[in-house]
Every structure is written in C-alpha cells, then in structure tokens.
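This is the structure I have questions about; it appears just below.
Bear in mind these aren't lab numbers, they're just calculated from the coordinates by the rules spelled out. Model, not experiment: these values are computed from the prediction. Reconstructed Cβ throughout: ideal geometry from the backbone, glycine too, with neighbour counts over all protein chains shown.
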Amino acid sequence: MKKLFAIIIILLLSTSFSYAKDFQITNIFGALLQSELESLTEELGVAIAFNPMAPAEPLGITGFDISTEVVYTNFHDGDLYWKKVVKDYDTFSSIIIPRIHVQKGLPFNIDIGAMYVAVPDSNIKLWGLEAKYAILEGTVVTPALSVRAAYSSLEGVDDIELSTKEFDVLISKGFLMITPYAGLSAIMIDGSEESPLIALDDVNKTVYRALIGLQISPFPLVVINGEVSLGQVAQYGLKVGIRF
C-alpha cells in the first residue's frame with residue numbers, strides 16, 4: 001500500500017509539472033489593458049485559490065491530514081491578454097497546480113491548515129493558510145456543517161501580484177467509507193501589475209461559486225478526494241492523502 005501511495009503521488013506531481021510556464025508581461029502584442037488585467041486577475045485568482053479539498057466534518061483534537069493535491073483550472077486562452085503575460089507567448093487552455101496540503105485538528109471543532117508549492121521550471125510559487133470551524137460535528141444520522149476561511153498568495157512572478165481571501169460554507173455526511181460534501185464559496189481576489197512597461201489600476205474582484213466533492217477511504221488512514229467547483233471559471237481537484 002505504501003508503494004502504491006508513493007507511485008500515485010509521483011504521477012500526480014510529474015503530470016502537473018509538465019504544464020509549468022513562466023508569467024511575464026510583454027509589449028509584443030500591445031500593452032496590457034485595464035480590462036485585460038481584470039480578466040486575468042479573475043482567472044489566475046481562481047487558479048491559486050486555496051479551495052477546501054475536504055468535507056465539513058472536523059478532524060478532532062488528535063486528527064491530522066497530509067496530502068498531495070492537483071487542481072486543474074480552465075482558462076479562456078483564446079483571449080489576447082494571455083499572449084501578453086505568458087513568456088514566449090505560448091498560451092495554454094488550462095493550468096494544473098500541484099500542492100502539498102497539511103491539516104491539523106484542534107480543540108473546539110477547529111481545524112487549521114496550510115499549503116505550499118514551488119513549480120519546477122516555472123516562476124510560479126504559492127502558499128496558503130486556512131481555518132475551519134465545525135458548527136455541527138455530524139453524527140450517524142445528521143450531517144456536519146462548517147464555515148471556513150482561507151488565504152492564498154502568488155509568489156515568484158515579478159510582474160504580477162495576486163492574493164485571495166476565501167470564505168466557504170460546507171456540509172457533508174459520511175456513509176461508511178464514502179463522504180460526499182457540498183459548499184458555497186466567495187473568493188475575494190486582489191491583483192496588481194508591477195511591470196515597468198505599463199501603469200494600470202489595482203484590481204479587486206469577488207467570485208461566487210458552488211462546489212461538490214467526494215472523499216473515499218479505500219484503505220485505513222488513506223483518503224482519495226475529488227472536488228469540482230462550478231462558476232465562471234471551472235476548476236477540478238484531486239487529492240491523495242493520509243488522514244487520521
């Protein structure tokens with residue numbers, strides 16, 4: 001089982017790294033416009049957002065979850081602004097962000113967590129923090145209900161500053177080794193350009209979306225999680241982790 005777990009992690013990470021590209025603002029296709037910066041901020045903001053990838057139920061005071069995740073985000077790559085911000089002008093229709101995600105249970109139904117990734121052969125680096133409070137722990141017959149707050153920041157890209165603040169309401173109900181969950185999210189995205197080539201106003205966008213997910217525990221301590229976020233920018237996540 002340990003070998004299988006290691007193989008899955010290696011495959012997930014290697015697949016993600018093959019999509020790595022550098023972001024850098026150029027003037028080859030004309031200066032980046034304010035409206036284009038706003039669209040770019042929204043799409044990249046969703047891509048770097050620290051989405052839950054976990055059900056509503058709390059881990060408990062002794063609980064711990066460490067996982068490898070990949071999050072796939074669709075882009076509107078046909079728009080010209082992508083050529084203006086991707087090095088070598090090689091645009092792409094989606095991006096896969098790998099990340100290491102760690103969660104720890106605390107007293108009073110509180111979970112805290114963090115994620116980080118530095119993508120090889122790219123200037124993309126991400127980090128994020130989260131806190132979740134279970135209003136209802138959930139029982140054999142009743143669901144769990146929680147609220148969650150998260151923050152993420154894009155690092156390593158000199159020409160673009162980007163961060164997100166996310167607030168979620170999650171509900172889940174476990175059935176043996178399967179735990180489906182759903183939620184509503186509000187993502188506040190703050191973006192700005194730091195390029196000497198242009199001078200545009202900072203961007204503040206709020207994106208609302210719904211999410212559905214399914215967590216499966218095929219073996220003791222092992223969880224496999226799939227999550228889909230439905231909104232203007234579609235996003236899909238896959239997680240393999242150890243949870244106890």
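Highest first, please rank the peptides 228-240, 41-53 by the mean number of other Cβ atoms sitting within 10 Å of their residues.
Details: 228-240: 17.2, 41-53: 24.8.
Final packing ranking: 41-53, 228-240.
What is the total of Lys pairs in the chain with C-alpha atoms under 18 Å apart, excluding same-chain pairs fewer than 8 positions apart?
Pairs that pass both the separation and distance tests number 13.
Report, in deg cm²/dmol and to the nearest 500, the calculated mean residue ellipticity at 222 nm for the chain, where each DSSP H run with n ≥ 4 adds -39500 (n - 2.57) and the sum is divided by the residue count.
Details: 3 runs with 36 residues, N = 244.
-4500 deg cm²/dmol, from helical runs alone.
Considering only SER39, SER195, SER94, give the residue with the highest GNM mean-square fluctuation for the chain, with springs between Cα atoms whenever their separation is below 10 Å.
It is SER195.
A follow-up question, please. Work out the FRET efficiency for ASP201 and TYR236 from their Cβ-Cβ distance, taking R0 = 35 Å, and round it to the nearest 0.05.
Computed FRET efficiency for ASP201 and TYR236: 0.65.
Next up: List, largest first, the extents of the alpha carbons of the stretch 112-217 along their principal axes, each in whole Å.
Sorted largest first, the three principal extents are 59, 29, 20 Å.
Based on the mean of other Cβ atoms within 10 Å per residue, sort peptides 183-193, 137-147 so the most packed one is first.
Working: 183-193: 19.3, 137-147: 15.3.
Sorting 183-193, 137-147 by mean packing, highest first, produces 183-193, 137-147.
With a 10 Å radius around each residue's Cβ, average the other Cβ atoms per peptide and rank 208-221, 95-108, highest first.
Numbers: 208-221: 15.1, 95-108: 18.1.
Highest-to-lowest ranking by the protection proxy: 95-108, 208-221.
Provide Rg over Rh for the chain; use the alpha carbon set for both Rg and the Kirkwood Rh (inverse mean inverse pair distance).
Working: Rg = 18.5 Å, Rh = 18.6 Å.
So for the chain, dividing Rg by the Kirkwood Rh gives 1.00.
What number comes out for the charge environment of SER195, summing +1 per Lys or Arg and -1 per Asp or Glu over other residues with Cβ under 9 Å away?
Working: positive: none; negative: ASP158, ASP159, GLU193, GLU194.
Computed value for this residue: -4.
Tell me the net charge near THR179. Cut-off is 14 Å between Cβ atoms, THR179 excluded, with +1 for each Lys or Arg and -1 for each Asp or Glu.
Numbers: positive: LYS173, LYS239, ARG243; negative: GLU57, ASP65, GLU137, GLU227.
Local net charge: -1.
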